[in-house]
1. Tell me, rounded to the nearest percent, the portion of alpha carbon pairs in segment 82-145 spaced more than 18 Å apart.
2. Restrict the search to segment 402-495; then list the trypsin sites (Lys or Arg not before Pro) that DSSP places in a loop and that have at most 11 other Cβ atoms within 10 Å of their Cβ.
3. Counting heavy atoms of the protein chains only and a 1.4 Å probe, report the per residue accessible area for segment 347-436 as a whole number of Å².
4. For a paramagnetic label modelled at 7 Å from the Cα of MET432 toward its Cβ, which residues of segment 593-610 fall within the zone defined by backbone nitrogen distances under 18 Å?
5. What is the helix-to-structure angle for 303-315, meaning the angle in degrees between its Cα long axis and the longest Cα principal axis of the chain, kept from 0 to 90 and rounded to the nearest 10?
6. How much space per residue, in cubic angstrom, does the convex hull of the C-alpha atoms of the chain take up?
7. For segment 124-146 and segment 204-241, what is the separation of their Cα centres, given in Å?
8. Which value, in Å², gives the accessible area per residue of segment 204-278 when a 1.4 Å probe is used on the protein heavy atoms?
Amino acid sequence: MKNYILIVVAVFSFAFAKAQSKSNYVKENYTKTVEYISMRDGVKLYTVIYAPKDTSKEYPIMMQRTPYSVRPYGEGEYKTSLGPNKFMMEEGYIFVYQDVRGRWMSEGDYDNMRPHIPGNDVNNKKDIDESSDTYDTIDWLVNNLPNNNKKVGQWGISYPGHYTAAALPEAHPSLAASSPQAPIADFFFDDFHHMGATLQSYLMAYPLFGYQSEPTSESWYNDKWDKLRAAGNMKDGYDFNLKIGPLKNVTENIFPENFFWKQVAEHPNYDEFWQKRAIINHFDDVNHAVMTVGGWFDAEDLYGPLNIYKSVESKNPSNKNNMIVMGPWSHGNWARERGKQMVNHIHFGDSISTFYQKNIETPFFEHHLKGKKNPQLPEAYMFDTGAKKWEQFTHWPPQQEQVSFGFGKNGELLINKAGDKKQEFTYTSDPMKPVPFRSEITPVTFTPRAYMTDDQRHASRRPDVLTFQTEVLENDMRLAGEIEANLEVILNNITDADFIVKIIDVYPDDEPNGAYTPKDISLAGYQQLVRAETFRGRFRNDFSKPEPFKEGKKTKVNFPLQDILHTFKKGHRVMIQIHSTWFPYIDRNPQKYVDNIFEATESDFTVGQVTILGSSKVTVGENDGIEKMLPKMKK
């Protein structure tokens, strides 16, 4: 027994020592220094530098700019890992982290999606933006850090991904490689909005972005959640948000001093305020290597990576080093490895993040920053979420035949066949009893994620959800590329409505559970959400000029869903659902047209009938709907 105890102690001691050695890797191999780097207008940005202790050679610089803190602060306090992945940390780079202007230890005022100012004149001390701050930072780094090879790379996930993208225009000559990951491209289509609808499920995120602070190493927003917590029982997000009532109650009672909420509430349309914050409009003359990364099940930023890649591609046809990677991940999950890759209930494979980090991300930066052998990465490295395997494409979206879905009687989904124009499908939409976006009771969270592969049987059983499905597929069907919904609708008793369109993979009734399927879940007959989008109908002609519907009049409502790469396997079915509420993921449209939904009252919320005509369709391989609804962008 004594020997057994000694063996157990020895094993635990070895495991602890190994973990301790791993956590000390950064401290053992890197030297940390702190600099306050002056921007051209005199504002100083807090910058932490981790340089390899081996000074016998030169290293490229890898930089991340963030509003989420470069912690840990304090002399002798080190991060436990550096860079985008462990392989790059072990290869050796000079890693640089910077608190952006107005956040944490940096000086200045904070501005969400600070407007880009074209030109980047270094002699102009007044006109600053994220590109100029990045330029000034890089300029200081390459001219002051010892042992750097004058080449700089940058990366970031989510908001740091936006700051990476914001540095693409007017880039510093030393910037050789950029990887915007889950980047925000435009706040009217990413994160806080989807196609004109506001994400009420993001209420907990506003304290982070809606208050200014002095330079500090402590969070300044913790008490800003108090009024939200006091609004009700946060264990049931559906009931909690319904009891809040109209969004004007948020303005008056929960976030009366939150400047970002105020901006969102005062700018419900795609006006100049949002247009000038869209970095996606400014990607002219991007001449260095760009690898945009995203997750097919990213509930926060799916629009951003797909459209930033496409914008850089279309505006810079001579840039042969622009690529995109899309994997089976939720928000940012490619940066962490849990062994099995799960999104909610669905397993997509094992060690997928490690594959990406080792075979895609690291070779990309090693080649462009260190001059190592060209890994010959494809233009588009995309994961098929149905076949559950990687595919390589020479361009995205791929060139292939369009697949269209029409709507037939008795819930039949027609493949490459138009529905009967005389057919009408009607449901009653009640904003006081909205369709829940989850199949289970879920608490109020920072941002929702798991719903992206959720079982949709709870929705298909509701009378206010139209459900159409194909016959059982006799062969595999791969859907790849852009998607557009072309609806013809009639509204009665209401003058506004939202339209949610979902593409769903219906599993066979005898589908067995997988090794990692949760015990309380059955995959038999599972209706897995693959792609969905919501659209606020008032913006059907122009996102900057909303207009009411005329009751009883046939009206076209066309809008894009985000891209897809999914093989529906033999024995499965394709399902499409259409409805008009999706709560509390998106806010409730009163359905009585009001100029600003943030100012709507209880009496504005109206029950009405929505009719989808048989001439409607959803097409994969087509998407020209959004461009004609965008105003001419102001730069």
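The values are calculated or read from the model by the stated rules, or taken from the named source; none is laboratory data. Please read all numbers here as calculations on a predicted model, not as lab measurements. Backbone-built Cβ (ideal geometry, glycine too); neighbour counts: all protein chains shown. Protein only, heavy atoms only, side chains kept; ligands, DNA and RNA dropped before computing areas. Shrake-Rupley method; radii C 1.70, N 1.55, O 1.52, S 1.80 Å.
1. The answer is 51 percent, as a whole percent.
2. LYS421, LYS422, ARG461
3. Here the residues of segment 347-436 average 51 Å² of exposed surface.
4. Those under the cut-off are 593, 600-610.
5. Value to nearest ten degrees: 80.
6. Looking at the chain, the number lands at 175 Å³ per residue.
7. Measuring centre to centre over Cα atoms gives 33 Å.
8. Result: 47 Å² per residue.
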